Amino acid sequence: MSCLHPSYPQGHFTALHCHPHAQYCYLHDGGGIITGRGEGELLVAGQICFIPAGWEHEFRVLRRSRLSLLYVPTSARTAFGPLQASPLLAGLFARLSELAEEEVKGAYLTVLGQELERADPLAARIPLAGALDPRLLRGVTPKIATAAYRSGVARKELIEIDRSEERRVG
């Protein structure tokens, strides 16, 4: 099991890629869209998403984001999607990046892995096929909105931002 704690600026885009191990993505701050294989999820701060091993995906950052990425060699999970983030999981992820001692970090990762396997799929998902709450788009620049629109996660609000940008430029 390994972990990374990247931060991405607003507008960052990771090209389509996959990993040999399953990945849990916890979003500490910010927001973005994970898409791949015709599916997608809007992630906001405090959410966890599971990405199966070998699943091609990309991440578009809508707001400056700080993440914890946990890679696990095996998982009983097989389906992409968000998970319930219990207070225990949120607390474990919050502390994980601060741990320096390998023995303590190893113990944390063991507990974190067990809790992630127990986490239920998120019941109230943010559907990408419907309209996004406009409050989620505050501060999203037209260029980012256009990129999200072209990636296939178009929403009424994104289309409107795209049109306003065309009117401003054109």
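The values are calculated or read from the model by the stated rules, or taken from the named source; none is laboratory data. Just so we're clear, the structure is a prediction, and the values are computed from it rather than from any experiment. Neighbour counts are summed over all protein chains in view; Cβ atoms, including those assigned to glycine, are modelled from backbone coordinates with ideal geometry. Areas reflect the complete protein model, heavy atoms only, side chains present, ligands, DNA and RNA absent. Shrake-Rupley method; radii C 1.70, N 1.55, O 1.52, S 1.80 Å.
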Heavy-atom accessible area per residue - the range 22-101, 1.4 Å, Å² = 38 Å²
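Could you tell me what percent of the accessible area of the range 1-114 is made up of carbon and sulfur, with a 1.4 Å probe and every protein chain present? Provide the component values of the computation, followed by the final result.
Details: 2850 of 5190 Å².
Within the range 1-114, the accessible surface is 55 percent carbon and sulfur.
Among 75-87, 28-40, how do they line up from the highest to the lowest mean number of other beta-carbon atoms within 10 Å?
28-40, 75-87
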Would you tally the net charge around Val104, using a Cβ to Cβ cut-off of less than 13 Å, leaving Val104 out, and scoring K and R as +1, D and E as -1?
-> -2
Exposure ranking of Glu56, Glu102, Glu41 by accessible area [1.4 Å probe, largest first] = Glu102, Glu56, Glu41
Using a simple charge model, +1 on the beta-carbon of Lys and Arg, -1 on the beta-carbon of Asp and Glu, nothing else, what dipole does the range 18-110 show about its Cα centre, in debye to the nearest 20?
-> 240 debye
Net length gained if the chain between Thr74 and Gln10 were fully extended (0.36 nm per residue, minus Cα distance) | 19.9 nm
Where does the charge balance sit around Ala22 when Lys and Arg score +1, Asp and Glu -1, over other residues with C-beta under 13 Å from its C-beta?
-> 0
Length-normalised contact order for the range 33-76 - Cα pairs under 8 Å, 6+ apart - percent = 40 percent
